[in-house]
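Working notes, structure below.
The values are calculated or read from the model by the stated rules, or taken from the named source; none is laboratory data. All figures in this text were calculated on a predicted structure; none of them were measured in a lab. When we count neighbours, we look across all protein chains shown, and the Cβ atoms used for this are built from the backbone with ideal geometry, even at glycine.
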């Protein structure tokens, strides 16, 4: 079994710009990546590939392989899947709330494909037992896309519905969820910069008006 993490660092997470500068956002996405890789290793997945482009430097000290591909997300992942025979666990890099127990539960499912929906109809995690019999179609309502692809390929499907795994960190108010439910590098980074009691940044902005 292998894990694949699509990763973008350069100019990442522009929607977090009211809360974090570009440099802070780039530091933050690297820390989220570290937390995701750590949870994968803790769950027993030792083969981790990080799919990225040349201008998105991956830290040398991560226990992961770097796969460079300049194509868009769908083309890059589908090219990757076309060469793989092992089961593939695809997880986005902005899911620092993931824990090893979630990963273990997903990979223990008997179905051919396990899909974890994200907010707004996206796909945050997809576990594919037979990569040769599947392709991905991210962007838009990718959750429905992947359900339909599985149906077309006659794959059995399980929907792993989880608040923590549906919470990708895109907006300033998402930072509150890291304060409440996070762990590791990303939570430490957020707690250093924002006030948990008031929901306000110690330096600049309000994390969430309804925090």
Among the residues of region 100-117, which ones are surrounded by fewer than 20 Cβ atoms within 10 Å (Cβ to Cβ) and either in a loop (DSSP other than H, G, I, E, B) or touching a helix residue (DSSP H, G or I) at 6+ places or on another chain (Cβ under 6 Å) (or both)? 100, 108, 109, 110, 111, 112
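Mind checking which residues of region 32-62 are without any contact (Cβ under 8 Å) to a residue 40 or more places away in the chain and either over 25 Å from residue 97 (Cβ atoms) or touching a strand residue (DSSP E or B) at 6+ places or on another chain (Cβ under 7 Å) (or both)?
If we filter region 32-62 for residues that are without any contact (Cβ under 8 Å) to a residue 40 or more places away in the chain, which is where we start, we get 37, 41, 46, 54, 59-62.
Of everything in region 32-62, those that are without any contact (Cβ under 8 Å) to a residue 40 or more places away in the chain and either over 25 Å from residue 97 (Cβ atoms) or touching a strand residue (DSSP E or B) at 6+ places or on another chain (Cβ under 7 Å) (or both) turn out to be 37, 54, 60.
In the set 86, 137, which member is on the phi < 0 side of the Ramachandran plot and out of contact with any strand residue (DSSP E or B) (no Cβ under 8 Å at 6 or more places or on another chain)? So that I can check it myself, show each step before the final result.
Working: 86 fails: out of contact with any strand residue (DSSP E or B) (no Cβ under 8 Å at 6 or more places or on another chain).
On inspection, the qualifying residue turns out to be 137.
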Could you say which residue among 51, 20 is part of a strand (DSSP E or B) and crowded, with 19+ Cβ neighbours inside 10 Å? 51
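Collect the residues in region 25-48 that are farther than 15 Å from residue 187 by Cβ and in a helix (DSSP H, G or I), keeping them in residue-number order. It would help to see each step written out before you state the result.
Looking only at region 25-48, we keep the residues that are farther than 15 Å from residue 187 by Cβ, and these are 25-26, 37, 40-48.
Hits for region 25-48 are 25, 26, 37, 40, 41, 42.
Looking for whichever is crowded, with 18+ Cβ neighbours inside 10 Å, part of a strand (DSSP E or B) and within 16 Å of the chain's Cα centre (by Cα) here; the options are 169, 125. Which one fits? Break it down into steps so the answer makes sense when it comes.
Values: 169 fails: part of a strand (DSSP E or B).
Result of the check over 169, 125: 125.
Yes or no, residue by residue, for (1) closer than 20 Å to residue 48 by Cα; (2) at pLDDT 95 or above; (3) in contact with a strand residue (DSSP E or B) (Cβ under 7 Å, 6 or more places away or on another chain):
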position: 149; (1), (2), (3): no, yes, no
position: 162; (1), (2), (3): no, yes, yes
position: 193; (1), (2), (3): no, no, yes
position: 211; (1), (2), (3): no, no, no
